[in-house]
Amino acid sequence: MKRIIALVTLVLAIAACSDKAQEPFKDAPRSGQNNDDPAEVLNMPDGFSNLATKCDGHGNRVYVVYHGNHPYGTVAVIRDPGCPGGQG
């Protein structure tokens, strides 16, 4: 019984260590438009969340706050006159 518990624990631990950046898309269907422009990444000191920002092509700036490889983050979108695509 102890071996079964140890095996189940090991399998769960390995499954929990997946790299979220390598996961396939698990979101709503997407259009054929992709914005592959590089983001500006701000690396904060240890213990603080990092930040990435870029324009979305529709006049908005998107900010994504993340902390290492943890499964959480924050997204903020604001109108930015400096971003292309905001006219009309």
May I ask you to list pairs of residues, at least six apart or on different chains, whose Cβ atoms are under 9 Å apart, with the first in segment 47-61 being on the phi > 0 side of the Ramachandran plot and without any contact (Cβ under 8 Å) to a residue 60 or more places away in the chain and the second being surrounded by fewer than 15 Cβ atoms within 10 Å (Cβ to Cβ) and in a strand (DSSP E or B)?
-> Gly59/Arg79
Selection within segment 50-88 - touching a Pro at 6+ places or on another chain (Cβ under 8 Å) and among the small types (Gly, Ala, Ser) = Gly57, Gly59
Strands (runs of 3 or more DSSP E) contained entirely in segment 40-88, each with at least 3 residues that are aliphatic (A, V, I, L, M) = 60-66, 73-79
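All of the numbers you see were taken from the coordinates with simple rules; none came from a lab. Note that this is a predicted model, so its numbers are computed, not measured. Neighbour counts are summed over all protein chains in view; Cβ atoms, including those assigned to glycine, are modelled from backbone coordinates with ideal geometry.
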